[in-house]
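So the structure is just underneath, and the comments pick up after that.
Every read-out reported here was derived from the displayed coordinates using simple, explicitly stated rules and does not represent laboratory data. As the structure is a computational prediction, the values presented were derived from the model and not from experiment. When we count neighbours, we look across all protein chains shown, and the Cβ atoms used for this are built from the backbone with ideal geometry, even at glycine.
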Amino acid sequence: MDETAALELKHISKYFGSVAANKDIDLTLKRGEILALLGENGSGKTTLMNMISGIYYPDEGRIFVNGEEAVISSPQDAFRYRIGMVHQHFKLIDIFTAAQNIVLGAGGKRGISHINEEVKEIAEKYGFEIDPKKKIYDMSVSEKQTVEIVKVLYRGADILILDEPTAVLTPQETEKLFAVMRAMKADGKSIIIITHKLNEVMAISDRVAVLRKGEYIGCVDTAGTDPAALTEMMVGEKVTLNIARPKPHLERPLLEIRDLTINNDEGSRAIENLSFFIRGGEILGVAGIAGCGQRELCETIAGLRKAESGGIYHEGESILGLSPRAITARGVAMSFIPEDRLGMGLAPSMSVTDNMMLKNYQDHGYGLKEEPVSEDDPPEVAKKKAARNKFISFLNRHCPFVDRKKARAEAEHIIEELDIVTPSTETPVRRLSGGNVQKVLLGREILTEPNVLITAYPVRGLDINSSYLIYDILNRQKEAGTGILFIGEDLDVMLALCDKIMVLCHGKMMGVVHADKTTKEQLGLMMAGALDLEEEKGKPMGVAKDSRIGEDQA
Amino acid sequence: MKNIKEPFIHITRREHMPLWQGLLIRVAAVVVALVLSAILISAAAPKSQGFFGFFGSLFSGAFGTERRIWLLFQNTFLLLGVAVALVVAFKMKFWNLGGNGQILMGCLASAICMYYLGGKLPDPVVWLLMLVSSLVAGGLWAVIPAIFKAFFNTNESLFTLMMNYIAMYLVSFFISLWYPNGTGAMPPLTDGALPAIGEGAMSRAILPVIVFAIVTLVIYAYLRFSKHGYEIALIGDSKNTARYAGINVKKVIIRTLILSGALCGLVGFVLTGSVNRMVSTSMDGNMGFTGIMVAWMGKLDPLIMAGVSLFINFLERGMAQVITDFGFTSEALSDIVVGLIYFFFIGCEFFILYRVHFAGSKNKRTPSPEIAEGEAPKETPLPEEEGAKEARS
Amino acid sequence: MISFLTSAIEFGVIFLLGCVGEILTEKSGHLNLGIPGIMCMGAAGGCLGVKLCYLASPTPNAFLVVLMGILFAMLFAGALGGIYGVLTVSLRSNQNVTGLACTIFGVGFTSFFLNNAVLTEGVSANLSQAGLNFFNAPLPGANSLGWFGTIFLNHGVLVYLAIVIAVIAAVTLRYTKAGLNLRAIGESPATADAVGINVTRYKYTAIILGAAVAGLGGLTYVMDYMNGIVGSTVDQTIQGIGWLCIALVIFTMWRPALAILGSILFGALYILASYIKGISFVQMSLLNMIPFAVTILVLIVTSIIGNRETQPPASLGLSYFREDR
């Protein structure tokens, strides 16, 4: 009976605390097919796959492998059923070699001294390029991914699960990966690929299963569907991105970056010779695949990272080398949502209130009020009042205590304003869900009334409604004259929201385009480094004609 | 039908536990440990006074006479002082295991002042010099590892640990310098000793009680309400975030450890100046380590720690009586019982943080609407892990 | 000079055993600050083992005495290691706090146990007889091969056992799959778990085995170095040695093979004071500081250089919970 499915899930549910990550999911993987698992961020794709690979244990439901019920309570069990998963965040030991990582935990037939040859054999069989003796910390992302896939094959997996494998790859590397996947399929392997990129789904998969908010929506043949239908399944209703884009009223450049070069933590170039500028009242998008220097750029502007060379000017004055606090004081605010959400910008164990005062606690005083000096006051009274006020402001400035009352009021304000769901202002932020965490972060930054706002991935992992709320907030800021640097992932969103889009590729500027005069294809080409507008036009695009640099600078 | 083998034990992280429940688990753990000790000791003792006799001796040892009560309070507040000193660093996730050395340095600095200046300068001047030099010496002993931690990320637990022994040999250096023909012990000094307040056991106990009650309250307020306290907590939670908030992390680490060490030095000052009036290599009484246990068991809250410190000293004083009453000869028995309590207390923490499901007993969960927004709330990696990541880079 | 070197080696192996035990433990990602207590337990257990032999027969077989000493030392130390393991692996407690509790308990237990259960009448004589004649019995040729024999062959069996253990540990960690798996766990338990390594079992094995090896260090101090003379401050001395063992782990950058040389150096530093003629107590205190000061120096230097291959296991000190991601 060859018609039995390679893998079958029935009524699988998984809860995290009180939240259902997966609710009553059914899924079937046929032998020798590539099944795409489609869903937005946070729809429960990874959780579901983690249950198949033994990382999580389902709270309810049953799993069948080749028609027989299987209990997968550990990764060992998964391998016993010949299931292997390539995780999105690679599970590799940095200080080991490729070969050591590949044989790790596997029952290998030969001694440890033969591992290099064994690995080479497998690599040759499937056409991978791999140096078994190279240490992981010396490898590029795609090399690491290769190691991960070879690792799973080495252990004889028949069912492969790939969790967003293309997120970190260039188009060329993606093509290579797809070729390998097709080869594996021809070899009789069954593959599940998790993704939220529709074009890839259409290109590689035989069937598509869709999850939405932890629930199973349906499964269709790829040949009989199209991106629009899939999108509808994924988001629930047809969404035409209808993000408002108020017309920018142009002002002179607020923030100017000139010939900036930055190194990353490993000491290699993260940003090279980058020049661009932001005007007040506009949103400048930054597009690029993950790891093309966005993070380092943000950190440098906020004063958290050293620049190798070049300059950063705010209203014509250099802010390079100023302390983060001084930069904040000038009105430059940053909200950066890192991959782990809480790594930067928020203190996870602290309450919403305590996170509110992160940037202004230094200015907290006793709350003593200065007495207004009116013009009617006789000179000696005015003098007395002035002296008193001076003393009060001195006291307030040197107050050793934080003002939690004030911070709590601020917290209550943004909770109401941004519709944040939290049991109280005293709840540690790590107990909030992702979307609410992001709102807390963005809300606090806006509270400081910045004139330059740097925001990276502000809608990462948010549902549609929350995302629109964030776009609204950004647009309101823009209309108030704030210059916004928007580092995003979703090109559709950037095309709709931003006024201009700057594209980075491996730390180099590929060009700045007007959002209403460009296409996704053009941006895609630039992101992959295939199109360099700067080179084409032969002039630097990131220098404003009406630059303020030079007014008071040399 | 195949018989399905489910994993026997399945552990999940608890989201929240009511305060009383957590308290109950901890109290239960301590009670179990005490009962176990009582059974073992009353069974094995040469002159057993029975199971209940154990508790009788325990209480009589701690509270039996006025002198014992004063002694109990003296030790409680000295230990509390050390624990509070360490908490300042622990809040920042800085593992100051060097309490012993910092106390000894405080003792030594005071002793040096008493030895060289006692009787030559007016007493109040000597007292002041003792106080200042003790604070400086304790602070110095903590700030050296802190500087290296701040600039080079040198492992602070091992650094502070090593500093303990250097302090110990420094003390023995001075003792053998002063009393070359002695047995390595130092007689109590009279010149420069702090004045006695009241009589008997109270005269020596009153100073530590007052000083460290005040210190505890001040540090409680410092950690909870001050800007410095906020910065310390922030660094403890996430160094990256602290940097992002514009905090000079290096400066705060150094500043905080000066405070931590200076407070340990203050304990040394009281020990040498008032309680013992001399210095010895074991004068720290291992409070640097016991203080860590107190701080940790007290959830890093100075007020709870006061209770824990009282309890630990109650056990130690009480066990001393048990040892005599039950006919033991080794005082180390007290360490065993205290160690047992630690084990149970540490172990019970697991049941507060995690929920254990056994196969067969299905725990049905009802999703509460408290936090629900499309996305599973990922427990953030604990800040400890972040520290480890930093250590790697 | 020759007797200095011999003693340095003899004392060094105490460090070596403690250090190798701690390396095994740390390679599994657990910083065990209980090593001083665990080494004490080894001493206590070893003394009990020897005593039992003498209880059975007034003239016991030498081989049996040594074997019982080793067995009981490992048993006692392993037991405390097991408690540490249960608390930190299964119950996921803070490793620093648990380790300190183990030290407090282990040192206290040893002091109490030796005084009350082991050192009953006549046992002291038995112990020192066993220490001198059995544990310190030199290899054949020790006296006939001149200085070479004196330095390298004139030791008790524990010295050679220690070096063998260190070599086995080095080879296992570097060249076997078990070693590879253990190192992987210390670097990233989540990764090891994902490839199907039984993280819990490896951690327990490493911790208990490490404790047992460290316990032999305590035994070596009492029976080999002290010739079976159990002083009243033996627990305090071993505690000090234990902290140095933890320092030595850093000094040797988690390599058991390097630990052989490092421990002899530490041994030499530790006993240096008593080999310089006419030294005063004052100078002795300063000399005693040297091993601790040197360790601090190494700590500082390695942290400043910051080479990737000389760093501690990446997950050292963290507890692992599979669903915690």
Here FRET efficiency (C-beta to C-beta, C:Phe321 to C:Val301, R₀ 51 Å, nearest 0.05) is 0.90
Work out the P(r) tail for the stretch A:372-422: percent of alpha carbon pairs separated by more than 13 Å, whole number. 70
How high is the relative contact order of chain B, in percent, with contacts defined as C-alpha pairs under 8 Å that are six or more residues apart? 34
Which FRET efficiency value, to the nearest 0.05, do you get for A:Asp490 and C:Tyr275 by plugging their Cβ-Cβ distance into 1/(1 + (r/R0)^6) with R0 = 60 Å? 0.25
In this structure, among A:Lys30/A:Lys213; A:Lys189/C:Lys203; A:Lys23/A:Lys135, pairs with alpha-carbon gaps over 30 Å are A:Lys189/C:Lys203; A:Lys23/A:Lys135
For helix B:66-90, what angle does its Cα long axis make with the longest principal axis of chain B, in degrees from 0 to 90 and rounded to 10? 60
How many partner chain Cβ atoms sit within 10 Å of a residue's Cβ in peptide A:50-61, on average, as a whole number? 3
Helical contribution to [θ] at 222 nm, DSSP H n ≥ 4, -39,500 (n - 2.57), averaged over the protein assembly as shown, rounded to 500: -17000 deg cm²/dmol
Normalised per residue, the volume inside the convex hull of the alpha-carbon atoms of the stretch B:181-339 in Å³ amounts to 167
Orientation-averaged projected area, Cα convex hull of the protein assembly as shown (nm²): 58.7
Determine, from the Cβ-Cβ distance of A:Glu121 and A:Tyr366 and an R0 of 51 Å, the FRET efficiency 1/(1 + (r/R0)^6), rounded to the nearest 0.05. 0.10
Within the stretch A:170-227, which trypsin sites (Lys or Arg not before Pro) sit in a loop by DSSP and count at most 16 neighbouring Cβ atoms inside 10 Å? A:Lys197
For the stretch B:66-325, fraction of C-alpha pairs farther apart than 30 Å, in %: 27
On each of the three principal axes of the Cα atoms of the stretch A:155-306, give max minus min coordinate, whole Å, ordered largest first. 58, 40, 26
Membrane-span-like helices (DSSP H runs, Cα span along own axis at least 18 Å, mean Kyte-Doolittle at least -0.5) in chain A -> A:141-154, A:171-186, A:434-447
Over the stretch C:180-239, the quotient of the Cα radius of gyration and 2.2 N^0.38 Å is 1.67
Under unit Cβ charges (Lys, Arg +1; Asp, Glu -1), what dipole magnitude, rounded to 20 debye, does the protein assembly as shown have relative to its Cα centre? 2140
Rg to Rh for the stretch A:7-235: what is it, with Cα atoms only and Rh by Kirkwood? 0.96
Report P(r) for the stretch C:2-324: all Cα-Cα distances, bin width 20 Å, range 0 to the bin holding the largest distance, values in whole percent. 34, 57, 10, 0
What percent do you get for the relative contact order of the stretch C:2-324 when only Cα pairs under 8 Å and 6+ apart count? 37
Residues of B:227-240, mean number of Cβ from any other protein chain within 10 Å of their own Cβ, rounded to a whole number? 5
Report the residues of the stretch A:204-226 in range of a label on A:Arg182: point 7 Å along Cα→C-beta, backbone N strictly under 16 Å from it. A:204-207, A:223
Taking the number of other C-beta atoms within 10 Å as the exposure measure, put C:Asp235, A:Asp77 in order starting with the fewest. A:Asp77, C:Asp235
Number of Lys pairs in the stretch B:66-325 with C-alpha atoms less than 29 angstrom apart, excluding same-chain neighbours closer than eight positions? 26
Find the lysine pairs in the stretch A:342-481 meeting two conditions, Cα atoms under 27 Å apart and a separation of 8 or more places or different chains, and report how many there are. 19
Give, in nm to one decimal, the length gained when the segment between B:Ile197 and B:Ala213 is fully stretched (0.36 nm per residue of separation minus the Cα-Cα distance). 4.1 nm
Cleavage-rule hits (chymotrypsin sites (Phe, Trp or Tyr not before Pro)) in the stretch B:247-302: DSSP loop, at most 15 neighbouring Cβ within 10 angstrom: none
Any idea what angle helix C:2-27 forms with the longest principal axis of chain C, computed on alpha-carbon atoms, 0 to 90 degrees, nearest 10? 30
Listed residues C:Ala268, C:Ala101, C:Ala293; largest mean-square fluctuation, Gaussian network over chain C with Cα springs below 10 Å, found at C:Ala293
Exposure rule at most 12 other beta-carbon atoms within 10 Å, DSSP loop GluC sites (Glu not before Pro): chain A longest free segment: A:376-550
Where is the GNM fluctuation largest for chain B (alpha-carbon springs, 10 angstrom cutoff): B:Ala262, B:Ala137, B:Ala332? B:Ala332
If I take every Cα pair under 8 Å that is 6 or more residues apart in the stretch A:392-485, average their sequence separation and divide by the length, what percent do I get for the relative contact order? 24
Just want the ordering: C:Tyr175, C:Tyr270, from fewest to most Cβ atoms lying within 10 Å of their own Cβ. C:Tyr175, C:Tyr270
Order of A:Leu37, C:Leu286, C:Leu31, A:Leu320 from fewest to most other C-beta atoms within 10 Å? C:Leu286, A:Leu320, C:Leu31, A:Leu37
Most fluctuating residue of C:Leu182, C:Leu158, C:Leu145 in a GNM of chain C with Cα springs under 10 Å: which is it? C:Leu145
Roughly how tilted is helix C:157-175, in degrees to the nearest 10 and between 0 and 90, from the longest Cα axis of chain C? 20
